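Notes follow the structure.
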Amino acid sequence: SHEFPALWYLLGFPFIMLVWLKFPQTLYIVVIFIAYAWSHLFAYQLIYPQLTSDYSGEALNIDGVLKQVTHQNYSYSQFILERSKQSVDIWADKIPKIVQLSWYQAPQKLYQGQICKLTIKLKKPWGFSNPGSRDYEKSMFLKGIGARGYVKTGECSHKITKKLSVFSLREHWQEEFLLKTSKYKNSALMQALTFAYRENIHTHQWKVLRKTGTAHLVAISGLHLSSVAFVIFFIVKRLCCVSSTLCNAVPAHSIAAYAAILATSFYAYLAGFTLPTQRALIMVSLILFAILLRKPVFNLSVYATALLLVLILNPVSVLSAGFWMSFLAVLFIFIAIKASQAYTKFIRVIYVQVYLAAALFPITLLYFSEASIISPVVNLFAIPYVSFLVLPLLLLSQCFFLVGLNDIDWLLGLTNFLLDWLWIGLDLAANFQYASWKFVPKLLGVICFEVGLFLSVQAKGLTV
């Protein structure tokens, strides 16, 4: 179970502020104190209240709002429920606010935003602590889920609450898209790239993605949002430049930047504003705002601001592998771009890809105990293929569908054809004998490797 220190130290905040006012040079102590306190309070509200042992395994009657449907088929449904105010009053300090429930042979279709009256049984989340295995308790904690259980009986009304009406609309679009794409061979990949719905990706596909180092392609994150931002920015800017009157009134790059922000925000909405999507949206938005303000884009100031905003909005994200993988990847890209300035554009692209793969290799091993050896070569082709062919077609078909143009089978068929060829290549690469390596490195070894790799590209500034 998760244990937190008591909050009594917050009483010392006025004293620390008085010390800072008397000695301004102690500002860093105030910043550290505030950062620690904010992280503590944020984590505390995620886990409080915890399930008491008196109610573990007991049948409980609970009302709540269905926040998210994580899995659903004819025999088994899994969803996340947030207790209603009435349930909070009854079960306050006794059971968690957010629980994950399984419902076997559910008598009805479940949708996000439904109001449910259920009889449930709960237990505390727990997992194995074997090296290299997934930390189930930590993943539940990061989602704010305090308990898991199953539904004995109950019903969910079709009334949609005002609070979740916007997200219920997304849920409806997702259901329609799942039905529309279900007849295609690559439907699981199409659903993952559009709505971040990965439940239908089967075990063999995950194995191929891991061995080729392309699992990031089906997790909507920085790569996808930055690709959308780039495409929209380029197209809108070109269109604006056609009219000299418009460009004289408003700079073309400003209109393009605003259009890119709207497009990436909408894509993040389709993806359900997952944590990786939130991080990516913050980073991409800051880059676009830097363009609007005519400030340098690829510098550490933008990077540090994005990092700070993510930590303020969700300080416990430092516990997730995705946080470290995404921000370290961006940092490594910055380093590689700076180190390869003397080369041609084509050589720089290869340089950045190889350096990024080499830098992320030990970190991937540290978190997942397996890393792809062939990923630099595979991603050199797979990333632009997905970013500039597959993804635009998928989002274009989604836009057509949302505005009422239901005849999008030709677009989906073309997307499925492109994914067929992508998967043929990935499958062949995954069958290579030395496609991936399984190993669990030590943290100190990973740190030494990264420092050495950084120093190796700074050779011009070193003296022997």
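As a length-normalised measure over Cα pairs under 8 Å and 6 or more apart, the relative contact order of the range 308-464 settles at 27 percent.
Using θ = phi - 60° in the Karplus curve 6.51 cos²θ - 1.76 cosθ + 1.60, the 3J(HN,Hα) couplings for the range 380-389 round to 4, 9, 5, 5, x, 4, 6, 5, 10, 10 Hz; x is entered for Gly and Pro. Once the Cβ-Cβ distance of Phe400 and Lys22 is raised to the sixth power relative to R0 = 41 Å, the FRET efficiency obtained is 0.05. Given the choices (i) 1.05; (ii) 1.00; (iii) 0.98, Rg/Rh (Cα atoms, Kirkwood Rh) derived from the coordinates of this structure is entry (iii).
Relative contact order of the chain: 13 percent, from C-alpha pairs under 8 Å at least 6 residues apart in sequence. Counting only protein heavy atoms and a 1.4 Å probe, the range 277-347 has 54 square angstrom of accessible area per residue. Here the calculated FRET efficiency for Leu10 and Leu309, from their Cβ-Cβ distance with R0 = 30 Å, stands at 0.80, rounded to the nearest 0.05.
The accessible area of Thr203, taken with all protein chains in place and a 1.4 Å probe, comes to roughly 110 Å². Cα centroids of the range 1-79 and the range 251-274: 31 Å apart. Here is the short version for the chain: Cys240, Cys241, Cys247, Cys399, Cys448 have no other Cys C-beta closer than 4.7 Å. Placing unit charges on the Cβ atoms only, positive for Lys and Arg and negative for Asp and Glu, gives the chain a dipole magnitude near 440 debye about its Cα centre. At a 1.4 Å probe, what is the % contribution of carbon and sulfur to the accessible area of the chain? Ligands and nucleic acids excluded, carbon and sulfur reach 68 percent. Normalised by 2.2 N^0.38 Å, with N the number of residues, the alpha-carbon radius of gyration of the range 243-291 equals 1.36.
The values are calculated or read from the model by the stated rules, or taken from the named source; none is laboratory data. No experiment lies behind these values; they were computed from the predicted model shown. No Cβ is skipped: glycine too gets one built from the backbone with ideal geometry, and neighbour counts run over all protein chains shown. What goes into the accessible areas is simple: the full protein's heavy atoms, side chains included, and nothing from ligands, DNA or RNA. Shrake-Rupley method; radii C 1.70, N 1.55, O 1.52, S 1.80 Å.
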